[in-house]
Amino acid sequence: MSVLTKTQLQLITEFLLTSLGSVIKANDIDAWQEHGTLILTGDDLGLQGFSLAKWKHSAVISIERFPHRKLNPYSLLAMVAAYLIDNGGERDTFQLADPELDIDVISKDHAQVLIQLELIDNIEVIPDANGSILFNGQQYRIDLAPVNVAETIDTVVTIDSDSGGDA
């Protein structure tokens, strides 16, 4: 799966693993999606593709053997908050709930942490003759539609000399 088609859950899980890599092992983090709603959009993105829907869902990230004495648990809270603020542009628009965390101390050195959060993913398709999705009589595949960004813009300003005068 390319970076462009990773889910929000995959991205935040990778972010946490990278951020916690010195104190957490990869096999101590598990993540899954639950209870989703498919929000149909059908937005035409031009020749580049379509935004078919948004996938709004609950997500759970489980961290086992979190070393709550080596790393202040507020550091984990700050990491989750920082990621969502930096990457959760649609949180307000789609009224996504704030994350909930449950920290269960297992021993004096380790805790199990459950992070529950609402996420939303774009489901975009681009034309592909070998794609598995038939839409509007054409084959598509899941991928983010490219965005063309203008590098320059030409403007023309016309000043009407008759508009500032007497009535």
Output the qualifying pairs, or none if there are none: Cβ atoms under 8 angstrom, residues six or more apart or on different chains, first residue in the range 124-139 and in contact (Cβ under 8 Å) with a residue 24 or more places away in the chain and within 13 Å of ASP43 (Cα to Cα), second residue of a type in the set (S, T, N, Q) and assigned to a strand (DSSP E or B).
GLU124/SER51
Residue match in the range 62-74 (condition: within 24 Å of the chain's Cα centre (by Cα) and among the polar types (S, T, N, Q)):
yes
Of the residues GLU90, GLU64, only one is closer than 28 Å to HIS35 by Cβ, modelled with pLDDT of 90 or more and surrounded by fewer than 17 Cβ atoms within 10 Å (Cβ to Cβ); which?
GLU64
Within the group LEU9, LEU40, LEU17, which residue is surrounded by 15 or more Cβ atoms within 10 Å (Cβ to Cβ), of a type in the set (A, V, I, L, M) and over 16 Å from PRO99 (Cα atoms)?
LEU17
Looking at (1) in contact with a strand residue (DSSP E or B) (Cβ under 8 Å, 6 or more places away or on another chain); (2) over 30 Å from ILE142 (Cα atoms), find the lone condition where SER107 falls short.
(1)
Is one or more of the residues making up the range 142-151 closer than 30 Å to THR7 by Cα and modelled with pLDDT of 85 or more?
yes
Of these, SER75, SER107, which one is under 20 Å from GLU14 (Cβ atoms) and without any contact (Cβ under 8 Å) to a residue 24 or more places away in the chain?
SER75
Go over the candidates GLU100, GLU124 one by one and state the one that is surrounded by fewer than 15 Cβ atoms within 10 Å (Cβ to Cβ) and charged (D, E, K, R).
GLU100
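The values are calculated or read from the model by the stated rules, or taken from the named source; none is laboratory data. Keep in mind it's a predicted model, so treat the numbers as computed, not measured. Backbone-built Cβ (ideal geometry, glycine too); neighbour counts: all protein chains shown.
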